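Peer 1: Let me begin by handing over the structure; questions about it come next.
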């Protein structure tokens with residue numbers, strides 16, 4: 001990149017690369033957030049990306065105190081250090097103290113917000129109004145709309161019980177039956193999650209007899225579900241799978257919510273309720289009444305928005 005261009009690298013010297021350190025705890029959801037922002041940055045400016053496994057909390061604490069960061073040995077000094085997940089926060093602080101760069105936390109950190117150069121926090125976590133905070137609709141992800149989207153392709157994304165939701169296999173299957181009966185011309189694919197109960201998965205496998213391409217999560221490679229949602233005109237997501245709701249919206253699919261029992265009114269439920277009010281998603285009971293999924297008022301592109309904000313804040 002020519003240093004005279006409008007999007008300049010973040011380094012303080014003329015360089016054609018922005019050096020990214022992605023500090024990870026290797027949890028799939030956290031890696032997806034880091035990768036989503038890294039990809040959005042790479043679409044706007046040349047980047048040199050390095051994944052770093054976060055050391056344990058005790059090791060990271062001593063590295064921070066001592067002003068050193070052995071996991072980054074041999075790597076170029078970072079311009080941006082991205083972290084996601086509580087275990088990565090101290091590691092990111094240690095990395096910044098030892099090697100410089102701007103520290104960006106994805107999701108609300110467990111340490112004081114003022115310790116980070118930027119915090120990217122979902123709205124459902126009620127982020128405070130601060131100069132170093134960006135509020136987002138959901139967590140960042142790698143989803144993108146696809147030119148291969150087909151009007152007759154649909155996807156079911158099935159989760160499982162969580163700390164915010166209970167589970168009702170019979171109720172879920174009844175909803176799937178109603179949707180399949182009403183959409184004979186659709187080609188449906190279904191996948192599960194690591195939380196899906198075994199008895200539910202067994203019942204879902206029987207849907208193959210109705211032409212549904214059922215793929216348990218253990219039989220799919222990383223990123224497969226994201227590819228499927230990008231190619232599908234509509235996606236039905238069990239309400240507990242909040243991250244997949246936002247991924248579906250980011251991919252541009254018309255998104256329906258499969259009802260599962262709620263364990264009280266939580267911040268997660270409040271976030272989903274806001275999506276319903278604003279017309280981004282269609283609850284199953286509304287679909288039953290109208291027979292159609294609402295077209296979202298816009299395609300979410302939060303990773304792109306955050307990438308542009310990062311470059312605007314930290315570019316020179």
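Please treat every number below as a calculation from the coordinates, not as lab data. Keep in mind that this is a model prediction, so the values were computed, not measured. All Cβ positions, glycine included, derive from the backbone under ideal geometry; neighbour counts span all protein chains shown.
Peer 1: Work out how much length residue 278 to residue 298 would gain on full extension: take 0.36 nm times their residue separation and subtract the Cα-Cα distance, in nm to one decimal.
Peer 2: Extending this stretch completely gives an extra 6.2 nm.
Peer 1: For residue 218 and residue 194 in the same chain, what is the full-extension length gain: residue separation times 0.36 nm, less their Cα-Cα distance, in nm?
Peer 2: Extending this stretch completely gives an extra 7.8 nm.
Peer 1: If you don't mind, another one. Please compute the length gained on full extension between residue 262 and residue 16, using 0.36 nm multiplied by the number of residues separating them and subtracting their Cα-Cα distance.
Peer 2: Length gained, residue 262 through residue 16: 83.6 nm.
Peer 1: With contacts defined as alpha carbon pairs under 8 Å and 6 or more residues apart, what's the relative contact order of the chain in percent?
Peer 2: 17
Peer 1: What is the ratio of the Cα radius of gyration of segment 150-290 to 2.2 N^0.38 Å, where N is its residue count, to two decimals?
Peer 2: Here the answer is 0.96, to two decimals.
Peer 1: Right, another one. Just 221, 28, 122 to compare: in a GNM of the chain, with alpha carbon springs under 10 Å, which one fluctuates most?
Peer 2: Top of the fluctuation ranking is 221.
Peer 1: Given R₀ = 45 Å, FRET efficiency for residue 147-residue 65 by Cβ-Cβ distance, to 0.05?
Peer 2: Details: r = 51 Å, r/R0 = 1.13.
Given R0 = 45 Å and the Cβ-Cβ separation, E is 0.35.
Peer 1: State the three equivalent ellipsoid semi-axes of segment 232-289, derived from the C-alpha gyration tensor as the square roots of 5 times its eigenvalues, in descending order and whole Å.
Peer 2: Largest first, segment 232-289 gives 17, 13, 10 Å.
Peer 1: Now for a different question. Looking at the chain as a GNM with Cα springs under 10 Å, which of 98, 84, 251 has the largest mean-square fluctuation?
Peer 2: Maximum among the listed residues: 98.
Peer 1: Just the C-alpha atoms of segment 17-168: what Rg/Rh do they give, with Rh taken as the Kirkwood radius?
Peer 2: Using Cα coordinates only, the ratio equals 1.02.
Peer 1: To continue, here is another question. What list of whole percents do you get for P(r) of segment 273-316, with Cα-Cα distances grouped in 10 Å bins up to the one holding the largest distance?
Peer 2: 25, 32, 21, 15, 6, 1
Peer 1: Between residue 50 and residue 75, what is the spin-label point distance in nm, taking each point 7 Å from the Cα along the Cα→C-beta axis?
Peer 2: 0.6
Peer 1: Now for a different question. Taking neighbour counts of Cβ atoms within 10 Å as a proxy for exposure, in what order, fewest first, do 280, 314 appear?
Peer 2: 314, 280
Peer 1: Also, I was wondering about something else. For the chain, report the translational diffusion coefficient in µm²/s to the nearest whole number, using Stokes-Einstein at 37 °C, 0.692 mPa s, and a Kirkwood Rh over Cα pairs. Don't skip to the answer; put the middle values down first.
Peer 2: Numbers: Rh = 20.8 Å.
So the translational diffusion coefficient is about 157 µm²/s.
Peer 1: Rg and Dmax of segment 189-242, Cα atoms, in Å?
Peer 2: 11.1, 29
Peer 1: Going by Cα centres, segment 138-195 and segment 50-89 are how many Å apart?
Peer 2: With segment 138-195 and segment 50-89 each reduced to a Cα centre, they are spaced 37 Å.
Peer 1: May I pose another question? Can you give me the angle between helix 28-42 and the longest principal axis of the chain, using Cα atoms only, in degrees from 0 to 90, rounded to the nearest 10?
Peer 2: 60
Peer 1: Within 10 Å of each residue's Cβ, count the other Cβ atoms and sort 49, 255 from fewest upward.
Peer 2: Going from least to most buried by this count: 49, 255.
Peer 1: Here's a follow-up. For the chain, find the longest principal axis of its Cα atoms and tell me its angle to the long axis of helix 302-314, 0 to 90°, nearest 10.
Peer 2: 10
Peer 1: Most exposed first by the Cβ proxy, i.e. fewest other Cβ within 10 Å, how do 102, 27 rank?
Peer 2: Details: 102 17, 27 13.
Neighbour counts put them in this order, fewest first: 27, 102.
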